[in-house]
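Structure first, commentary second.
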Amino acid sequence: MAQRVAHAAVRGVRALRRRLRRLWRWLLWRERFLWLEAQLQEPACDEVSLPAVRCYRFEERWAFLGALPPEPAHRLARLWEALPQSWVFAAGDAAVPVVYYCFVSVGTVWIEEFALHRSFEAGEAYVHTCYTLPAYRGRGFHSRTLQAVCAWLWQHGFQRAFAVVSERNAPSLRGFLRAGFHVTGSVVHYRLCGHVLRSRPVFNS
């Protein structure tokens, strides 16, 4: 009896801690987003080690979207309509045609995390909306596909690529760093009672 009471008390304390953590995150939460940049150059890696990556243009978007479940397909269709100067790079395997994808955009893009419109110049590209299916995470699809994307961009005359990633998203950040990106700026978000406040973005000179 005493043992059951003790176990119940421990469970109660753990539940209280979880509730307090959720409350604290709602009251005040801090998250840092990193601005990444890569100087593109001739790829040195062996192309055999890269996954089979397909590039989809805006005109070919339905071939890509048709391989996705309805909910993400509708959401990504709206994104692509808003950013028609974009390509999607997708990697798959024999069983699943799309296990990883990312967008690459040029021109003027709204960077939500930094609350600014960035007009990318000729030779510059913005990599965003990267996603790996949960069952395929930890297999290197993110970093190796990014390497293939950077190789494609270099072959098509691009000199620089940019991206934004949350400092908390360690797997995504590692993938970008392995693909040749480095941190050149940051912004901090503070969530106070459900409202998001941003610090002034800081970029390396």
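The one condition from (1) touching a strand residue (DSSP E or B) at 6+ places or on another chain (Cβ under 7 Å); (2) of a type outside the set (Gly, Ala, Ser); (3) under 11 Å from residue 34 (Cα atoms) that residue 190 does not meet is (3). For the subset of the stretch 189-205 comprising residues that are touching a Leu at 6+ places or on another chain (Cβ under 9 Å) and within 15 Å of residue 113 (Cα to Cα), which member is surrounded by the fewest Cβ atoms within 10 Å (Cβ to Cβ)? Applying the filter and picking the extreme gives 190.
When the helices (runs of 4 or more DSSP H) confined to the stretch 1-97 are screened for residues that are of a type in the set (A, V, I, L, M, F, W, C), farther than 19 Å from residue 128 by Cα and modelled with pLDDT under 95, those reaching at least 3 such residues are found at 2-27. Only one entry of 183, 127 meets the criterion of being farther than 16 Å from residue 32 by Cβ, out of contact with any Ser or Thr (no Cβ under 7 Å at 6 or more places or on another chain) and either among the aromatic types (Phe, Trp, Tyr) or part of a strand (DSSP E or B) (or both), and that entry is 127.
The values are calculated or read from the model by the stated rules, or taken from the named source; none is laboratory data. None of these values were measured; they are calculated from a predicted model. Neighbour counts are summed over all protein chains in view; Cβ atoms, including those assigned to glycine, are modelled from backbone coordinates with ideal geometry.
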